[in-house]
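Here, each number is a calculation from the coordinates, and none is a lab measurement. Since the structure is predicted, the reported quantities are computational estimates derived from the model, not experimental observations. Methodologically, a virtual Cβ is constructed for each residue, glycine included, from the backbone with ideal geometry; neighbour enumeration extends over all protein chains shown.
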Amino acid sequence: MKNYSLLFITFLLFQGMNAQSESSLITETLQNYMNGSSYNELEMLESAFADNATLYLTAKDGFKMYTPKEYAGFFKRGEKGKFNGRYAKILEIEVTKDIANAKVEISFPERNMIYIDLFLLKKIENNWKIISKTATRVDDPNQNAVLFILSNAHFYGNTKLNTGNSFSEIVHAYNVFKKAGYVIDFVSPKGGAVPLSYINTSDELIKKYVYDRDFMSALKNTKSPKEVQASKYKAVQYIGGGGAMFGVPENKEIQDIAMEVYEQYNGIISSVCHGTAGIVNLKTKDGKYLVDGKNVSGYPDDFENKEKAYFKTFPFLIKKTIEDRGGKFHFSERSKSHVEVDGRLVTGQNFLSSEEVSLKIIQLISVAEK
């Protein structure tokens, strides 16, 4: 019986490794499609398709079918090798033996446009080829949207102490906005997959989102700052977790996005828990710190365990830095929610404040739109 169990486990491992290998090969094919279409490389673009592939697309004059060569012709006016503003990233790949389906996001930040491409692929003579494609536009310029700002930091400073973004804070804030009909996007300094912490599946809401494929895919494929168009968003929210202390506060591109939302589009800046670290360096156009003269909350220095190794890696202290820069820092007991609203700055003390911070943001947006 033990030998049979070992054989079965070995079989499962082999199957998993094989699927991973096929996914890598499919990724190469999709990269030819994405790079070919983003840099006007017609031969590279055509190479991703089977010769008899069919593309089902909606043109100005209605729904039509195209060949790969006809589709590649859409890009012939662009300069070969020059980026045309078309950002592409793979969202999903699902493999079943010699067939697969895939989903790719195509975004045009400067035009505030997003498309989703769906592909059907087939392994033909040991090469994966796209045999069918369709696409749809998913963005809605009239729909309210909020940008969650996450960290790429896996460790505290230069140590091997694990950290990440608070999954609880992400989920409880995300759920509030989702129920209110908002679009939620994620950005991180480097883009791509971000580390997650505080995943408690005894919490039914957290369990729900752990198994939500689209939600987890979005966290695996966060936007990079260059893919973000500030005009799309009514608010930004800095998410907490130990990782929020690293990479985000000093990132100039993210600072610029947040302040553009705040100053040019009268949007809201918000933060929760250690996410408040992200706002300490924000400055207004007149050179003043955003927090100067404002009521602010976040995870207080008073609650940190100053004897622990993680604390010694912090590049600065949240409460002290806020106060040094003219802010008035407020907090309550550890186990209570505490939220400060000062104009269009909304900040919360801990993960228990996530829902309330998000509800306050929605309330402020609703009042501004009346």
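Cross-link list Lys160/Lys319; Lys190/Lys252; Lys89/Lys178; Lys252/Lys285: which exceed 21 angstrom alpha carbon to alpha carbon? Violating the 21 Å Cα-Cα cut-off are Lys160/Lys319; Lys89/Lys178.
Using DSSP to call loops (not H, G, I, E or B), can you name the GluC sites (Glu not before Pro) in region 259-321 whose Cβ has at most 12 other Cβ atoms within 10 angstrom? Can you show the working numbers first?
On the way: sites: Glu260, Glu263, Glu304, Glu307; in loops: Glu304, Glu307.
Those that pass, being in a loop and sparsely packed, are Glu307.
Global size of the chain: 23.2, 74 Å for Rg and Dmax (C-alpha atoms, Rg to one decimal, Dmax whole). Taken as entire DSSP H runs, the helices of the chain that both span 27 Å or more between Cα atoms along their own long axis and average -0.5 or more on the Kyte-Doolittle scale are 2-38.
Using the rule -39500 (n - 2.57) for each DSSP H run of four or more residues, divided by the residues of the chain, the 222 nm mean residue ellipticity is -9000 deg cm²/dmol.
So what's region 171-278 giving for Cα Rg divided by 2.2 N^0.38 Å, two decimals?
Against the compact-globule rule of thumb, the ratio is 1.06.
Note on region 45-190: semi-axes of the ellipsoid equivalent to its C-alpha gyration tensor, largest first and rounded to whole Å, are 34, 21, 17. Over region 171-223, calculate the relative contact order: mean separation of alpha carbon pairs under 8 Å at least 6 apart, over the residue count, as a percent. In percent, rounded to a whole number, it is 46. In terms of its C-alpha gyration tensor, region 291-341 has an oblate overall shape, because the principal axis ratio a/c (a ≥ b ≥ c, square roots of the eigenvalues) is not below 1.5 and a/b does not outweigh b/c. Per residue, the average separation of C-alpha pairs within less than 8 Å and at least 6 apart gives the chain a relative contact order of 12 percent.
Pairs of Cα atoms under 8 Å, at least six residues apart: use those to get the relative contact order of region 12-111, whole percent. Relative contact order of region 12-111: 24 percent. Indicate, rounded to the nearest 5 percent, the antiparallel portion of the DSSP beta bridges found entirely in the chain. Percent antiparallel among DSSP bridges in the chain is about 60.
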